[in-house]
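This report concerns only the one structure given below.
The values are calculated or read from the model by the stated rules, or taken from the named source; none is laboratory data. Small disclaimer: the values here were computed from a predicted structure and weren't measured. For neighbour counting, all protein chains shown are included, and Cβ atoms are generated from backbone atoms with ideal geometry for every residue, glycine included.
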Amino acid sequence: MKASDLFVRALEAEGVEYVFAIPGEENLDLLESLRGSKIKLVITRHEQAAGFMAATYGRLTGNSGVCMSTLGPGATNLVTAAAYAQLGGMPMVMVTGQKPIKSSKQGQFQIIDIVDMMQPLTKFTKTIVSGDNIPAHIREAFRQAEEERPGATHLELPEDIAHEHSTMPVLEPSYTRRPIAEEKAIRQAVEAISGARKPLLLVGAGANRKLTAKMLREFVAKLGIPTVTTQMGKGVIDESGPHFIGNTALSDGDFVHRAIDQADLIINVGHDVVEKPPFFMRPGGPEVVHVNFNSAQVDPVYFPQIEVVGDIANSLWQLKEQLEPQEHWSFADAHRIRDALQKHIHEGCGDDSFPMRPQRLVKDVRDVMPEDGIIALDNGMYKIWFARNYPAYAPNTVLLDNALATMGAGLPSAMAAKLVYPERRVVAVCGDGGFMMNSQELETAVRLKQDLIILVLRDDGYGMIKWKQSHMDFHDFGLDFGNPDFVAYAESYGARGHRVSAAAELQPLIKKCCEEGGVHLIDVPVDYSDNDRILNREIRELSRKL
């Protein structure tokens, strides 16, 4: 069997559905092998987008997304996506080509050390030097990508190796059960939680697993412990429930941080220091119980006193079975803070001013999205507003990145979500800066005949950096840019373009786009002039009074 055929059969054995790719001449054997496979090839317009789509596929399914590029510049274009998957805990396998390694007549043309380049960005990276090594290397790449904590892996398949012949059989994936937490650790956590007066549950990205989310909801339903989430933990707990307090969209000084400060114990489930800190631990502050697949990485702002290390779902089940609601638990302060936060969130939701205020924008999007609808956020100022103001009712219905926090991932992530869930409503929410970094993927979405809505929030500048600039009392300088006519731009790719000219137009326009189907881009002018006043000053002043 030709080695490239063996490679594809090994991918099939791993359950691969899609390969997101921009092939080069070094991939042609592999491309020909894919032609006869049930695996669907999705050609993108930039390797970065292929990587973002693969990473998001992994995030949504728990199975490794696969992307492919050629050598040299194709491989370097995957670097940001590799970091995105690695920091975000998303299982992804990258496949890159390379010139022949046994006999090449092209000197060093296009050749860089891709494996060495990928080393700090991946869990596993390897050059395949023999066709007989393909089954073992693919099995190892997928195992490491999906093993907790998930991340990125990389295989380099040189052109001459792909053309070899091999008689090696494909290796089938093995079934592995994760270790569970030891009894002593569970007992210590039970004693600490039972003895606390104001326990608080904090849910991070690592809890976003199907069984873990189920156990968390049972845990909260039985014990009634108030709950907050990190940005990447949104939706793991139903945010319409009576025990949900709020989201740590800001790192400090928000209403939810008053609940954290008033707690005497925090049960921190699935959070690690890769995600921007949801709170800062301080000596003399609340005791922290770390519940995760892996032990805590100690950091100046995170040094938990009790660690429950093992399968999170099993740990939560053990804790739930051994815990009972305690008469001395007091949640009145947390519920009062929740009510104050909800009141503040609703302020400005009916503001008719134009360009649109973010509070109104978030409310209007929430109102037209079904409970299982998915919004995929790029990185920008609006991410904070959506994390704070947009209630999520189910896991993976708010896709945002608070680890690498890269721009340019919003549209590709939405496209991957639509491939995984073609029957669900998917909306990409992008700033004008982030959108233009991968806007060429409009053509890919149109070619795939997706039903997809892209909101481009236009403020003609890098709004989040302007917010930071203002907070530091610097002059408004160096962060403005021009934009194309987004309506004409979308239509040039075969999509439908729309422009909002009044706040009241957005909701009915989104509904109309959903009914029509196809790819729709909506240009939404946004007014961020209140960012500094509300997020830096008003929230802090109001929360201090709680």
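State all residues of region 486-517 that are within 16 Å of residue 430 (Cα to Cα) and either of a type outside the set (Phe, Trp, Tyr) or outside the structural domain of residue 442 (by TED's automatic domain parsing) (or both); if no residue qualifies, say none.
Of everything in region 486-517, those that are within 16 Å of residue 430 (Cα to Cα) and either of a type outside the set (Phe, Trp, Tyr) or outside the structural domain of residue 442 (by TED's automatic domain parsing) (or both) turn out to be 487, 490, 497, 498, 499, 500, 506, 510.
What residue, among those in region 187-218 that are surrounded by fewer than 21 Cβ atoms within 10 Å (Cβ to Cβ) and in contact with a Ser or Thr (Cβ under 8 Å, 6 or more places away or on another chain), is farthest from residue 236 (Cα to Cα)?
197
Say we look at region 315-338 and pick out the residues that are within 17 Å of residue 263 (Cα to Cα) and without any contact (Cβ under 8 Å) to a residue 60 or more places away in the chain; which of these is surrounded by the fewest Cβ atoms within 10 Å (Cβ to Cβ)?
For region 315-338, the residue satisfying everything is 327.
Identify, please: which residue in region 412-426 is surrounded by fewer than 24 Cβ atoms within 10 Å (Cβ to Cβ) and of a type outside the set (Phe, Trp, Tyr) and is, among those, nearest to residue 499 (Cα to Cα)?
Step by step, filter region 412-426, then rank; the result is 425.
Show the residue pairs that are 6+ apart or on different chains and have beta-carbon atoms under 6 Å apart, the first residue being within region 66-88 and in contact (Cβ under 8 Å) with a residue 12 or more places away in the chain and under 21 Å from residue 276 (Cα atoms), the second being crowded, with 23+ Cβ neighbours inside 10 Å and acidic (Asp, Glu).
88/401
Quick check, is residue 312 buried (at least 18 other Cβ atoms within 10 Å of the Cβ), out of contact with any Gly (no Cβ under 7 Å at 6 or more places or on another chain) and of a type in the set (A, V, I, L, M, F, W, C)?
No, not satisfied.
For residue 66, work out the one condition from (1) part of a strand (DSSP E or B); (2) over 13 Å from residue 145 (Cβ atoms) it doesn't fulfil.
Among (1) part of a strand (DSSP E or B); (2) over 13 Å from residue 145 (Cβ atoms), residue 66 violates only (2).
So which residues in region 32-59 are buried (at least 20 other Cβ atoms within 10 Å of the Cβ) and more than 30 Å from residue 377 (Cα to Cα), if there are any at all?
Result: 33, 34.
Do we have any residue at all in region 443-458 that's acidic (Asp, Glu) and at pLDDT below 95?
Within region 443-458, none of the residues are acidic (Asp, Glu) and at pLDDT below 95.
Assess whether residue 95 counts as being at negative phi and within 28 Å of the chain's Cα centre (by Cα).
Answer is yes for this residue.
Name the one entry in 301, 274, 308 that is touching a strand residue (DSSP E or B) at 6+ places or on another chain (Cβ under 7 Å), in contact (Cβ under 8 Å) with a residue 12 or more places away in the chain and not charged (D, E, K, R).
308
All but one of (1) surrounded by 20 or more Cβ atoms within 10 Å (Cβ to Cβ); (2) out of contact with any Leu (no Cβ under 7 Å at 6 or more places or on another chain) hold for residue 522, so report the exception by its number.
Evaluating residue 522 over (1) surrounded by 20 or more Cβ atoms within 10 Å (Cβ to Cβ); (2) out of contact with any Leu (no Cβ under 7 Å at 6 or more places or on another chain) leaves (2) as the failure.
Taking region 43-83, which residues are of a type in the set (Ser, Thr, Tyr) and in contact with a strand residue (DSSP E or B) (Cβ under 8 Å, 6 or more places away or on another chain)?
44, 56, 57, 64, 69, 70
Against the conditions (1) touching an Asp or Glu at 6+ places or on another chain (Cβ under 9 Å); (2) exposed (fewer than 14 other Cβ atoms within 10 Å of the Cβ); (3) within 25 Å of residue 350 (Cβ to Cβ), where does residue 507 fall short? Just the number, please.
For residue 507, the exception is condition (2).
List the strands (runs of 3 or more DSSP E) inside region 196-297, counting only whole elements, that have at least 2 residues being over 18 Å from the mean Cα position of the chain (by Cα) and aliphatic (A, V, I, L, M).
The qualifying strands (runs of 3 or more DSSP E) are 199-203, 265-269, 287-292.
Among the residues that make up region 368-378, is at least one of them in a helix (DSSP H, G or I) and closer than 23 Å to residue 462 by Cα?
no
Given (1) surrounded by fewer than 20 Cβ atoms within 10 Å (Cβ to Cβ); (2) touching a helix residue (DSSP H, G or I) at 6+ places or on another chain (Cβ under 7 Å); (3) not assigned by TED's automatic domain parsing to the domain that holds residue 95, identify the lone condition not met by residue 129.
Exception for residue 129: condition (3).
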